[in-house]
Amino acid sequence: MTPTTTRTTALVTGASAGLGHEFAEQLAAQGHDLVLVARNASRLAETAEDFRRRYGVTAEVLPADLTQDDDVAAVVERLEDATRPVGILVNNAGIGLLHNFEDNHAAEERRHLKLHAETSMVLTHAALRGMLERGEGRIINVASVAAFLPRGTYSAAKAWLVSFSRWANLAYRKRGIKVTAVCPGFTHTEFHDRMGMDKSVAPSWTWLRAERVVREGLADNERGKAVSIPSKRYKVVAAVAKVAPARLMAGPARKPK
């Protein structure tokens, strides 16, 4: 990728693996400095050193569990530091819940909702004021094509994120801020492994590569698009979901235990 002429700092959450790592790498390849946020401090440090060596960028490390208020506050403080402005925010950190809603503990559901919706909102709010003062900025919220499907609280949280991103892009686009919800489908990362999902249940054609998701997402954000749906196959899924009966798009019901 050709480096950009303007050196901007990008803060990426969930940056030690999966889509977050890919976002950070592609932004580093474009010449942007980085603030890397994730729970795994040692893996984060290794990632930062790798990017410094290969791309010649500055890569700060900020270990944080974004389901915890104190850790969120630390990231907010970094985003609000006017002496070290952040011009690109990627809200990528996320978790999945393997079981049915009724089988999950309410605490798990609250943690899930907090990370996907509340934390993304709080970090966006923290980054926005400085971006507005400078008259430019980019915010990417990693959602999911599940946002368009009636499939549990993951879909509900991602639907909130898409709606929020659409509104924010409309509200702030004329003031120089581009906000995009990136909505991939199944993607080859560690995400599904961590939640214990049997990935063989999804046909091979449904799986995307992280490189493609991020490349298309960054390009759509640069163009000012409010929603980015990587690949034609998932654009079709989202379009069909708008008109198909909800019962057909909800997926197969799981058998009770």
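Read the figures in this text as sums done on the coordinates, not as results from a lab. Small disclaimer: the values here were computed from a predicted structure and weren't measured. Here the Cβ positions follow ideal geometry from the backbone for every residue, glycine too, while neighbour counts run over all protein chains shown.
For Asp103 paired with Glu46, estimate the spin-label separation in nm (one decimal), with each label point 7 Å from Cα along the Cα-to-Cβ line.
3.2 nm
Could you calculate the contour length gain from Glu133 to Asp65, that is, 0.36 nm times the residue separation minus the distance between their Cα atoms, to one decimal place in nm? Walk me through the numbers on the way to the answer.
Details: separation 68, 0.36 × 68 = 24.48 nm, distance 2.88 nm.
Length gained, Glu133 through Asp65: 21.6 nm.
Under 5 Å between amide hydrogens, which residues at least 5 positions from Ile95 or on another chain qualify, with H placed 1.01 Å from N in the peptide plane?
none
Pull up all non-local amide H partners of Leu34: gap of 5 or more, or a different chain, and H-to-H distance under 5 Å with H placed in the peptide plane.
Residues meeting the amide H criterion: Ala10, Thr58, Ala59, Glu60.
Using r as the Cβ-Cβ distance of Thr153 and Met121, and R0 as 25 Å, what FRET efficiency do you calculate, to the nearest 0.05?
E(calc), rounded to 0.05, equals 0.90.
Quick one: of the DSSP bridges fully inside the range 1-80, what percent are antiparallel, nearest 5?
If I count the DSSP bridges inside the range 1-80, around 0 percent turn out antiparallel.
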